[in-house]
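Below is one structure, written out as structure tokens; the observations come after it.
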Amino acid sequence: MKLLHASLCLISLLLILPSIFAASSSEDFDFFYFVQQWPGSYCDTQRSCCFPTSGKPAADFGIHGLWPNYKDGTYPSNCDNTKPFESSSISDLISSMQKSWPTLACPSGSGETFWEHEWEKHGTCSESVIDQHEYFQTALNLKQKTDLLGALTKAGINPDGKSYSIESIRDSIKESTGFTPWIQCNTDESGNSQLYQVYLCVDRSGSGLIECPVFPRGKCGDEINFPSF
Ligand code: 5GP
Ligand code: 5GP
């Protein structure tokens, strides 16, 4: 009788194990937002900005982050405090990161504080797929692949302080990358709406762009400024 009871317990345990794993994998994520910022729009706000210790960054979009997300629009964050940011594990990437992922927050920094924040808040939530080195390498590859400024200037949209229709901005990025971006605006010191960040969606492996399963909330005006930097 005891043996029968023990076997029944074992069988039920084996039956529920897969659902325990399914539950923990639903704690994971569905896709990434790859977010790039226009430095001119980070800097010309009331808050202003500070150039990194390595000098004024190029007049180009910079990486803000690669953010794991769920299809329902929510997202995980700070998933593993046992895996701190280790610059020694990405020493081969540092010079590319200074160029492509510059920090503009004050006070001036080398970028490590920004990268550490992005790794700890977002990167640790994609560890089931990519490790720390791959996380930063993936973002750098995506930056190269998407060339947002090239896409815009090819369509005659230049960072010249003039205003452009949000539709023309969206269309030119779609034309060049093949995928619909989401545009986030902020406001300059005088309160004008301007092109701040561009979101593109990336599959779970980090290898390719996809159409966004869900867009963040928020809206720009129909016409927005593209400030110089
Ligand atoms: P904000 O409220 O300025 O748009 O976002 C503040 C921060 O919250 C972002 O820098 C990012 O770390 C996080 N965040 C905002 N929206 C999203 C989102 O849709 N997905 C993810 N993964 N993080 C987000
Ligand atoms: P998030 O909004 O991604 O959660 O947080 C961004 C954090 O990184 C903030 O604490 C912000 O001060 C810092 N940070 C450092 N440099 C930059 C930068 O160039 N752009 C943005 N958006 N945040 C930066």
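The values are calculated or read from the model by the stated rules, or taken from the named source; none is laboratory data. Quick caveat: nothing in here was measured; it's all calculated off a predicted structure. All Cβ positions, glycine included, derive from the backbone under ideal geometry; neighbour counts span all protein chains shown.
Of these, L142, L195, which one is assigned to a strand (DSSP E or B), within 16 Å of ligand 1 (Cβ to nearest atom) and of a type in the set (A, V, I, L, M, F, W, C)?
On inspection, the qualifying residue turns out to be L195.
List, please: which pairs have Cβ atoms under 7 Å, are six or more places apart or on different chains, and start with a residue in region 57-78 that is more than 13 Å from T146 (Cβ to Cβ) and end with one that is part of a loop (DSSP other than H, G, I, E, B) and charged (D, E, K, R)?
N69/D30; Y70/D30; K71/D30
If I go through region 58-97 residue by residue, how many of them are closer than 16 Å to E118 by Cβ and touching a Leu at 6+ places or on another chain (Cβ under 8 Å)?
Qualifying residue count for the region: 7.
Counting only residues that are within 16 Å of ligand 2 (Cβ to nearest atom) and over 16 Å from G62 (Cα atoms), which one in region 85-107 is surrounded by the fewest Cβ atoms within 10 Å (Cβ to Cβ)?
P107
Is there a residue being within 16 Å of ligand 1 (Cβ to nearest atom), touching a helix residue (DSSP H, G or I) at 6+ places or on another chain (Cβ under 9 Å) and modelled with pLDDT of 95 or more anywhere in region 169-180?
Yes, there is a match, as at least one residue in region 169-180 is within 16 Å of ligand 1 (Cβ to nearest atom), touching a helix residue (DSSP H, G or I) at 6+ places or on another chain (Cβ under 9 Å) and modelled with pLDDT of 95 or more.
Here's the yes/no breakdown for (1) within 12 Å of ligand 1 (Cβ to nearest atom); (2) closer than 30 Å to T153 by Cα; (3) among the β-branched types (V, I, T):
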{"residue": "S48", "(1), (2), (3)": "no, yes, no"}
{"residue": "P52", "(1), (2), (3)": "no, yes, no"}
{"residue": "W67", "(1), (2), (3)": "yes, yes, no"}
{"residue": "D72", "(1), (2), (3)": "yes, no, no"}
{"residue": "D80", "(1), (2), (3)": "no, no, no"}
{"residue": "A105", "(1), (2), (3)": "yes, yes, no"}
{"residue": "S110", "(1), (2), (3)": "no, yes, no"}
{"residue": "F114", "(1), (2), (3)": "yes, yes, no"}
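Could you check, for region 118-127, whether at least one of its residues is in a helix (DSSP H, G or I), under 17 Å from Q36 (Cα atoms) and away from ligand 2 (no atom under 15 Å from the Cβ)?
No, that holds for no residue.
Hey, could you check region 118-139 for residues that are in contact (Cβ under 8 Å) with a residue 60 or more places away in the chain and within 16 Å of ligand 1 (Cβ to nearest atom) and say which is nearest to L195 (Cα to Cα)?
Per the criteria, the residue is A139.
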